[in-house]
Amino acid sequence: MRLSQCFNFHDFRELARRRLPGPIFNYIDGAAEDETTYRRNTAAFEDCDLVPNVLRGVATVDTSVTVMGERLAVPFYCSPTALQRLFHHQGERAVAAAVEKFGTMFGVSSVGTVGLEELAKNFTFPQVYQFYFHKDRGLNKAMMDRAKAAGVKIMMLTVDSITGGNRERDLRTGFAIPLKLNLRGITEFAIKPQWAINYFTHEKFRLPQLDEHIKMGPNAAISISDYFTNMLDPSMNWTDVEQMVKEWGRKFCLKGVMSVEDARKAVDIGCAGIVVSNHGGRQLDGSRASFDQLAEIIDAVGDKIDVLMDGGVHRATHVLKALSVGAKAVGVGRYYLFPLAAAGQAGVERALGFMRTELERGMRLMGCTSIGQLSRRNLKFRNSAR
Ligand SMILES: Cc1cc2nc3c(=O)[nH]c(=O)nc-3n(C[C@H](O)[C@H](O)[C@H](O)COP(=O)(O)O)c2cc1C
């Protein structure tokens, strides 16, 4: 199977499965516990049907949106994800280059493997920095100052990871950073030597957002799971974040808001946006799917704050449904990670290209020439009072 034979999410996932050592594939593909939230994230879109209009003159369509003051050429963006150079040696560089071509935005993760300064220097798309809140307030301040100096426009604080999710696939394979594989895990690396050649013949794996501040990564004293357990602050509350919003002084966004109550609080503390997200089902299994929860949140705060969503998005029709409910933009995670793992920048570009083409086609078939024309009148929910 080759990249040219990939036409959708499932094809990219299959190519990534063939190319990656099992523990790495399962780290990307897996989610928490019984993975019910993970499955529902995508299935939720199937409980909602698009109702198109016809004969509307759709020769040209405008797919652009404005999110937290930034104009994006397409209404989808790449959600922040950790450890990308472990999936493909180009890592964030490949994703950033593809994102730049498509005129959208990309959130570089605190646990990213390319420095935010390097990305800010080489690319012009709106920089989003995904942040975790540490016990050490001095460290939080130092990291924020660094992001400011690099020109980051939007701070995205992830609030659904106050403790690590229970990802049983990783327990089974022994996936951890530094890698501590069990016998089965080692065997799975041994049968994918191409991955190992790529990994070991390129620049050494680093976590540049953190390693200036914390000794971490391969051969280091602290592992990623220690980082989540010991360095992040489970006592983080609304007062802490309100303070952070003030200190940051630019656009601030909370990622992982699921309740209406929290969405209202985000408005109260001065956030410019929220991402309705359950971390791709990787944290609290059994939590509601992002798309199922979206309408309620838009109804409560959609006129006061930009509401984004991510989770389970594999098709532009999913994007169209979320935008019709009222989301301002939609994030994708595994949708670009599998193509990254399968083929680096060429893979990410191919996947984003399909998404854009599908979106333009979908808008035409829906009878819409601009995103603003999408509304709930375009939708019918099955078996529900909405
Ligand atoms: C492998 C992987 C790593 C992730 N790392 C992070 C991270 O470092 N920070 C974060 O806020 N979210 C992280 N996420 C969650 C994504 O930002 C996003 O919420 C999720 O992937 C959306 O679901 P989807 O993969 O079904 O599109 C990660 C997701 C995956 C799959």
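Looking at the square roots a ≥ b ≥ c of the eigenvalues of the Cα gyration tensor of segment 155-262, which shape do they give, rounded for a/c under 1.5, prolate if a/b is larger than b/c, or oblate?
The shape class here is prolate.
Relative contact order of the chain: what whole-number percent is it, with Cα pairs under 8 angstrom and at least 6 residues apart? Please list the in-between numbers first.
Details: 758 pairs, mean separation 110.9, N = 386.
This gives 29 percent for the chain.
Students sometimes get this wrong: rank Phe228, Phe252, Phe7 by accessible area, probe 1.4 Å, all chains present, largest first.
Phe7, Phe228, Phe252
Could you tell me which residue out of Ala343, Met363, Asn383 lies farthest along the dipole of segment 326-386 toward its positive end? Charges go on the beta carbon: Lys and Arg +1, Asp and Glu -1, centred on the Cα centre.
Looking along the dipole axis, the top candidate is Asn383.
Return the calculated 222 nm mean residue ellipticity for the chain, to the nearest 500 deg cm²/dmol, obtained by summing -39500 (n - 2.57) across DSSP H runs with n ≥ 4 and dividing by the residue count.
-13000 deg cm²/dmol
How many nm is it between the label spots at Lys135 and Asp262, if each spot is 7 Å from the Cα in line with the beta carbon?
2.3
Ranked highest first by average number of other Cβ atoms within 10 Å, how do 95-107, 368-380, 147-159, 336-348 line up?
Averaged packing, sorted descending, gives the order 336-348, 95-107, 147-159, 368-380.
Let me make sure I get this right: for segment 123-178, a, b and c are the square roots of the gyration tensor eigenvalues over alpha carbons, sorted descending. Under 1.5 in a/c it's rounded, otherwise prolate if a/b > b/c, else oblate. Which is it?
Verdict is prolate for segment 123-178.
Which lysines does Lys153 reach when only Cα atoms under 26 Å apart count, and residues fewer than 8 places away in its own chain are ignored?
Lys101, Lys121, Lys135, Lys141, Lys246, Lys251, Lys255, Lys265, Lys304, Lys328
For segment 40-127, what does the equivalent ellipsoid look like in terms of its semi-axes, each the square root of 5 times an eigenvalue of the Cα gyration tensor, given largest first in whole Å?
Values: eigenvalues 187, 69, 24 Å².
Taking √(5λ) for each Cα gyration eigenvalue gives 31, 19, 11 Å.
State the answer as a single residue: which of Phe102, His10, Ala147 lies farthest towards the positive end of the charge dipole of segment 1-156, with beta carbon charges of +1 for Lys and Arg and -1 for Asp and Glu, about the Cα centre.
The residue sitting most towards the positive pole is Ala147.
So what's the Cα pair-distance distribution over the chain, bin width 20 Å, in %?
Histogramming the chain at 20 Å steps yields 29, 61, 10, 0 percent.
Note down the magnitude of the dipole of the chain about its Cα centre, charges +1 on Lys and Arg C-beta and -1 on Asp and Glu C-beta and zero elsewhere, to the nearest 20 debye.
800
Treating only the Cβ atoms of Lys and Arg (+1) and Asp and Glu (-1) as charged, compute the dipole magnitude of segment 262-315 about its Cα centre; round to the nearest 20 debye. Intermediate values should be presented prior to the final figure.
Values: 6 positive and 9 negative charges, 27 e Å.
That gives a dipole near 120 debye.
Kindly identify segment 259-386 as rounded, prolate or oblate by the Cα gyration tensor criterion: order the square roots of the eigenvalues as a ≥ b ≥ c, call it rounded if a/c is under 1.5, otherwise compare a/b with b/c, prolate if a/b is larger, else oblate.
oblate
List the lysines whose Cα sits under 19 Å from the Cα of Lys180, skipping any in the same chain fewer than 8 residues away.
Within reach: Lys192, Lys204, Lys215.
The values are calculated or read from the model by the stated rules, or taken from the named source; none is laboratory data. Quantities reported herein were computed from a predicted structural model and do not represent experimental measurements. In this analysis, Cβ positions are derived from the backbone assuming ideal geometry, glycine residues included, and neighbour counts consider all displayed protein chains. All accessible areas refer to the heavy atoms of the entire protein, side chains included, with ligands and DNA or RNA removed. Shrake-Rupley method; radii C 1.70, N 1.55, O 1.52, S 1.80 Å.
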